[in-house]
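Worksheet for the structure shown next.
The values are calculated or read from the model by the stated rules, or taken from the named source; none is laboratory data. Since the model is a prediction, treat every value here as computed from it, not as a measurement. Every residue, glycine as well, gets a Cβ built from its backbone with ideal geometry; the counts of neighbours run over all protein chains shown. Please note that ligands, DNA and RNA were not included when accessible areas were found on the heavy atoms of the full protein model with its side chains. Shrake-Rupley method; radii C 1.70, N 1.55, O 1.52, S 1.80 Å.
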Amino acid sequence: GDSVTQMEGPVTLSEEAFLTINCTYTATGYPSLFWYVQYPGEGLQLLLKATKADDKGSNKGFEATYRKETTSFHLEKGSVQVSDSAVYFCALSKTDKLIFGTGTRLQVFP
Amino acid sequence: DSGVTQTPKHLITATGQRVTLRCSPRSGDLSVYWYQQSLDQGLQFLIQYYNGEERAKGNILERFSAQQFPDLHSELNLSSLELGDSALYFCASRGEGTDTQYFGPGTRLTVL
């Protein structure tokens, strides 16, 4: 069945470091891909999305490119801040529902 | 602020009890989704409603049910509660012509 696999966390970085959180997916067809972020004690916020191969989603300095050939949608940011500390979820949209990865916790220290 | 509201924010109850979680979608959104977030199962899709009609079902237990009312708000009813039902329950809504879902802040259910 369709699924999303994310790298295990936590990811621990110093402020201004480069961030990559890996996400790969298994799906038939061409699903839309999403990154959601969950800050401590809060709900899920849409971070970015891409709807077709080679699309790049971007928001707040975060980027992810829909790679059909490697079935990946890795999240990147050039310089993380302490305020980016949160749990990041990769997801795909399939038959109108979202299928989520297990989430990756990011901890950024000053 | 996503525009999706959920009440209550926290709910503490005992095993065997019944609770109702409420969700109001973003203005104009006809689709409402319910998800459960637990430590062992992660984020799982439960059920979807579209304009008052059930549209899709996921891993929803028979003890759970939902409905969407004419004003488009939705309620998730959980009955005969067990300790394992303790989780965060999220509601999301989606507008027409897009597959992007916007999530509410969630209801944290604790079953003692």
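Using the beta-carbon distance between A:S58 and B:S80 and R0 = 45 Å, what value does 1/(1 + (r/R0)^6) give for FRET efficiency, to the nearest 0.05? So, using R0 = 45 Å, E works out to roughly 0.45. At a Cα cut-off below 16 Å, give the aspartates and glutamates reachable from A:K97, other chains included and same-chain residues fewer than 8 away excluded. A:K97 reaches A:D2, B:D29, B:E53, B:E54, B:E96, B:D99. Averaging 1/r across all pairs of distinct Cα atoms in the protein assembly as shown and inverting the result yields a Kirkwood radius of 18.0 Å.
Here the relative contact order of chain B, from alpha carbon pairs under 8 Å that lie six or more residues apart, stands at 37 percent. Running a GNM on chain B with Cα contacts under 10 Å, which residue among B:I47, B:I60, B:I12 ends up with the highest mean-square fluctuation? Sorting by GNM fluctuation, first place goes to B:I12.
Summary value for chain A: 37 percent relative contact order, contacts being C-alpha pairs under 8 angstrom separated by 6+ residues. In summary, the lysines within cross-link reach of A:K60, defined as a Cα separation below 16 angstrom excluding same-chain residues under 8 places away, comprise A:K49, A:K77. In chain B, the alpha-carbon atoms span a convex hull of 93 Å³ per residue.
Enter the mean number of other protein chain beta carbons within 10 Å of the beta carbon of each residue in B:92-99, as an integer.
Values: counts 5, 0, 3, 0, 0, 0, 4, 11.
The mean count of partner-chain Cβ atoms within 10 Å per residue comes to 3.
If a spin label sat at a point 7 angstrom from the Cα of B:Q67 along the line to its beta carbon, the backbone N atoms of segment B:11-46 nearer than 15 Å would be those of B:19-23. Estimated at the nearest 10 Å², the accessible area of A:T102 is 110 Å² with a 1.4 Å probe.
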